[in-house]
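A quick write-up on the structure given underneath.
The values are calculated or read from the model by the stated rules, or taken from the named source; none is laboratory data. The shown structure was predicted, so the numbers you read here are calculated from the model rather than taken from an experiment. Here the Cβ is made from the backbone with ideal geometry for all residues, glycine too, and neighbour counts use every protein chain on show. Side chains are part of the model used for accessible areas, which takes the heavy atoms of the whole protein and leaves out ligands, DNA and RNA. Shrake-Rupley method; radii C 1.70, N 1.55, O 1.52, S 1.80 Å.
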Amino acid sequence: VLTLHSNAAVKHVRHVDAFAKQLYDALAKTSEADTRSRLLLHTAALLHRIGVSVHFYQYLKHTEYMIQEAHIDGLSHREIVIASLIATFKTKNRTGQQVLAYKDLLLESDAELIVKLGAILKLAIAMDTSEIQPIQELSIQRDEKSMNLKLLCVHSPHLELKELSAYTKEFEKIW
């Protein structure tokens with residue numbers, strides 16, 4: 001699906017995907033994580049910007065239906081919907097409203113999964129807000145009460161640090 005859209009920032013989405021998987025692996029040690037959840041996060045990370053090919057400023061709306069209408073081998077229809085909601089995650093409240101539209105398809109536990117994986121993806125996206133990969137490496141140190149991120153940067157990540165700072169409180173509430 002990604003290769004069909006020439007506007008997709010492939011380098012950016014692969015970078016975000018790597019950070020998202022790394023964050024997931026660090027957080028999964030203390031949650032009920034599994035390989036399917038990691039696959040859903042991977043799918044959402046790679047496709048989170050696909051809606052840009054339709055409309056830049058409203059790409060989340062377009063991303064959601066484009067993922068849902070795509071045939072993604074290895075994922076059920078329910079999992080594709082979950083991946084689309086992870087990819088377009090903004091807030092817990094918004095996700096709750098989105099999940100209501102799929103109440104016949106999604107399980108109650110899916111809403112929490114979407115929020116947790118969406119929060120990870122949002123944090124990973126924040127680490128490449130400028131889409132020029134200023135953060136080359138991520139090192140994560142986690143204990144029971146906190147998670148520290150060490151960033152190896154090739155140049156100053158002003159936008160990324162601003163986004164990370166703005167999102168930290170919401171992330172802490174979710175995780």
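Using the structure shown, select from LYS90/LYS173; LYS61/LYS92; LYS103/LYS169; LYS61/LYS173 the pairs with a Cα to Cα distance greater than 20 angstrom.
From LYS90/LYS173; LYS61/LYS92; LYS103/LYS169; LYS61/LYS173, over 20 Å: LYS103/LYS169; LYS61/LYS173.
With a ≥ b ≥ c taken as the square roots of the eigenvalues of the C-alpha gyration tensor of the chain, please select rounded if a/c is under 1.5 and otherwise prolate if a/b is larger than b/c or oblate if it is not?
It comes out oblate by the Cα gyration axes.
Net charge near THR88, counting Lys/Arg +1 and Asp/Glu -1 over other residues with Cβ under 11 Å of its Cβ?
+4
Give the range of the longest stretch in the chain that excludes all trypsin sites (Lys or Arg not before Pro) found in loop regions by DSSP and having at most 13 other beta-carbon atoms within 10 Å. Please list the in-between numbers first.
Numbers: sites that count: LYS29, LYS90, LYS103, LYS145.
Value returned for the longest uninterrupted segment is 30-89.
Once you keep just the Cα pairs under 8 angstrom separated by 6 or more residues, what percentage relative contact order results for the chain?
Computed value for the chain: 22 percent relative contact order.
Helix-only estimate, please: 222 nm mean residue ellipticity of the chain, summing -39500 (n - 2.57) across DSSP H runs of length 4 or more and dividing by its residues, to the nearest 500.
It lands at -18500 deg cm²/dmol.
Total Lys pairs in region 106-164 closer than 20 Å by alpha-carbon, pairs eight or more apart in sequence or interchain only?
Step by step, the pairs that qualify in region 106-164 add up to 4.
Would you mind getting the accessible area per residue of region 92-175, heavy atoms of the protein chains only, 1.4 Å probe, in Å²?
Here the residues of region 92-175 average 63 Å² of exposed surface.
Identify the GluC sites (Glu not before Pro) of region 90-150 meeting these criteria: DSSP loop state and at most 12 other C-beta atoms within 10 Å of the C-beta.
GLU144
Take the solvent-accessible surface of the protein heavy atoms, probe 1.4 Å, and return the percent of it on the chain that carbon and sulfur atoms account for.
Carbon and sulfur: 52 percent of the exposed surface of the chain.
Expressed as a whole number of Å, what is the distance separating the alpha-carbon centroids of region 11-78 and region 155-175?
19
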